[in-house]
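The structure appears below as structure tokens.
Values quoted throughout were computed directly from the atomic coordinates according to the rules given, and no laboratory measurement underlies them. Model, not experiment: these values are computed from the prediction. Cβ atoms come from the backbone with ideal geometry, glycine included; neighbour counts cover every protein chain shown.
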Amino acid sequence: MFQTTVELLLQGHTICQVSQPDAYRYLSEQSLFEKVNDYLRLINRKVKVIEDGLAFVACYCTIEEENRADIRQQLRQVRDIFRPLVNFLELAMTALVHDCAMRAGDTIRLSELLRGIENEPTLKQQLALLTNKGIFKTSRNDISEQLNFILKKLDEAGYVQRLDTGSTIYQITAKMNYIHELIDFINDSESLKLEKQDNHIFDDSQSEMF
């Protein structure tokens, strides 16, 4: 399990009870956590603990010339998905009559989401706008197909996970929680000398979604 856990971390996975339950249990053991962390420190990485053990990710110990490009790329990926992700969560929360921000462990049922949008012209319009550009852009016009496409993209990116093969029920992973910490880091990332458009890309109203 040591090798599997290390490889998952180095591949950029956010390890939590939803996404990688076996690796999560492994890292939850303090002695095994330290074993993995000691190994990663040999290559300028460490295990970052999210929200008191909700999840684990690998990050660089120090920012150096050889890892700046990789860090910039990671930040741009977050930048590109953040606004579409927030817009989708706002849409889903309204359609599902969800009172508070969705967190790790919450479920999204496609049938309920579809039912909540179909008879609401405003939500249908929001969905059309969401699938007209960016990472959720698709030529599909059917609402069910549009939602399937969005959830598939979020599944591929690690923000949700399908409960079973063929299931239309998705569970939110702790990567949704981790993105908030990345937002704060990006907005304070002057040391990385990112391009102007990469800095201060998230406003307070969007951040509150998390």
Most packed first (mean Cβ within 10 Å per residue), the peptides 115-121, 139-145 order as 115-121, 139-145
Lys pairs in the chain with Cα under 24 Å (8 or more apart in sequence, or on separate chains) total 20
The answer for the net charge of residues other than LYS124 whose Cβ lies under 15 angstrom from its Cβ, with Lys and Arg +1 and Asp and Glu -1, is -3
The size of the Cβ-based charge dipole (Lys, Arg +1; Asp, Glu -1) of the stretch 1-117 about the Cα centre, to the nearest 20 debye, is 220
By the mean-Cβ-within-10 Å protection proxy, highest first, 72-80, 150-158 rank as 150-158, 72-80
Here the relative contact order (percent) of the stretch 1-127, from C-alpha pairs under 8 Å and at least 6 apart, is 17
With +1 at each Lys and Arg Cβ and -1 at each Asp and Glu Cβ, the charge dipole magnitude of the chain around its Cα centre, to the nearest 20 debye, comes out at 500
In the neighbourhood of MET1 defined by beta carbon distances under 14 Å, the net charge of the other residues (Lys, Arg +1; Asp, Glu -1) is -1
